[in-house]
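Visitor: Dumping the structure here so I can ask a few things about it.
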Amino acid sequence: MTNKKIYSGSLHSHGCWTDYRNESEKKNFPFDLKSFVEYCSIIGRDFQAITDIMAHRPEKPEFIEKRYKALLKTADPKDKSYVLQQNKTESVIYLLKENKKLIIPRTQEILTDINFKHILAIGVEKDIRGGRNALETLNEIRDLGGYSILDHTFMCDAWNKEKVKKLYSKGLILATEWNGGLTFPAICDILPVKTPNKKSNHRVLSLEKKCGIPCIANDDSHSAEDIMNGAFTSYDFSDIDENLSLTDKIVSSIKSGKFKKHKKYSSFISPFLHVKYGAESQETFREEGLPDA
Ligand SMILES: [Zn+2]
Ligand SMILES: [Zn+2]
């Protein structure tokens, strides 16, 4: 298997509605390792993260997702068409017939104590508790040897420019995020209105241009359609040690500015699915439904 130099994928991807999927979603997108890998491979991804949501609302039990683990549990040792190699924070799957490999990093989206101040942690094995102060969360991720990305950075004014510059200069964040996700998707961007997502995406690009704070594009997918249509980034690993993990290679590529954003918004039907599944989740997860991340 030749070693590719350009790796494309999304680091912020919930994959699909694993926790409250209905029958038709199950049929469209069976959530088992082999189908997931084949799907991502067909659409040209070299990696695709599974992002676990970590939340803790006041007076509610802690909400910790285990989507990544759940997906890996579906690996079939009797299936000789692929080989699975599990490392600490990512798994490598070799599709033997196709002579292809796909890497699945486990990332975490941590919902802090402030609405929409969400932090995407990469390269951390330990579960990061949600519901805490953002600075405390960022410090913990750094202390554990991981990296933080401020996902959908300026959505709903979660952060301001000065604060982001300060966090970056202190080495507490690796990058901001151009978010192609579901909350305010394609349909809103076509209309001549300023949606929070569109505005946030404009602001991260301007911050990258003016202050050199790297910005990567992710799909923030919640359905198969989101992965297919959504944003991703291509990272150039040309001068990077081949033996490093995917996460370390991505970090190095971001730091040296060798990456290219593919700025796309998720599909038209995604907002309708979001509303539908959100409503369905209320039955399962009480009146508030699942944390929106
Ligand atoms: Zn998310
Ligand atoms: Zn979020």
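Visitor: Among Tyr39, Tyr265, what is the fewest-to-most ranking by other Cβ atoms within 10 Å? Kindly include the intermediate steps, with their values, before the conclusion.
Guide: Values: Tyr39 19, Tyr265 25.
Taking fewest neighbouring Cβ atoms as first place, the list is Tyr39, Tyr265.
Visitor: Let me ask something else about it. What ranking of Ser206, Ser234 emerges when the number of other C-beta atoms within 10 Å of each C-beta is taken as an exposure proxy, fewest first? If you can, show how the numbers build up before the last one.
Guide: Values: Ser206 12, Ser234 16.
Fewest to most other Cβ atoms nearby, the residues stand as Ser206, Ser234.
Visitor: Using a 10 Å cut-off on Cβ atoms, rank the peptides 101-113, 57-69 from the highest mean neighbour count down.
Guide: On the way: 101-113: 23.8, 57-69: 13.6.
Final packing ranking: 101-113, 57-69.
Visitor: Quick query: amide H of Phe63 versus all other amide H atoms, modeled in the peptide plane; which residues come in under 5 Å with a sequence gap of 5 or more or a different chain?
Guide: Ala55, His56, Arg57
Visitor: Let me ask another. Tally Lys/Arg at +1 and Asp/Glu at -1 over every other residue whose Cβ is under 12 Å from the Cβ of Gly130; what's the total? Could you put the intermediate results ahead of the total?
Guide: Working: positive: Arg57, Lys60, Lys117, Arg129, Arg132; negative: Asp52, Glu62, Glu65, Glu109, Asp113, Asp127, Glu136, Glu140.
Once all neighbours under 12 Å are counted, the net charge is -3.
Visitor: Using amide H atoms built in the peptide plane, which far-off residues or other-chain residues are under 5 Å from Arg132 H to H?
Guide: Asp113
Visitor: Considering only Cα-Cα distances, which of the following residue pairs are longer than 25 Å: Lys199/Lys263; Lys97/Lys261; Lys199/Lys249; Lys100/Lys198; Lys5/Lys80; Lys69/Lys260?
Guide: Working: Lys199/Lys263 14 Å; Lys97/Lys261 30 Å; Lys199/Lys249 30 Å; Lys100/Lys198 35 Å; Lys5/Lys80 27 Å; Lys69/Lys260 29 Å.
In this structure, Lys97/Lys261; Lys199/Lys249; Lys100/Lys198; Lys5/Lys80; Lys69/Lys260 exceed 25 Å between Cα atoms.
Visitor: Okay, next question. Within a 10 angstrom radius of the beta carbon, how do Val37, Val251 rank from fewest other beta carbons to most?
Guide: Working: Val37 26, Val251 20.
Starting with the residue having the fewest Cβ neighbours, the order is Val251, Val37.
We did not get these values from a lab; they are worked out from the coordinates using the rules stated. Predicted, not measured: the structure shown is a model, and the values here were computed from it. Please note: Cβ atoms are built from the backbone with ideal geometry, for glycine as well, and neighbour counts cover all protein chains shown.
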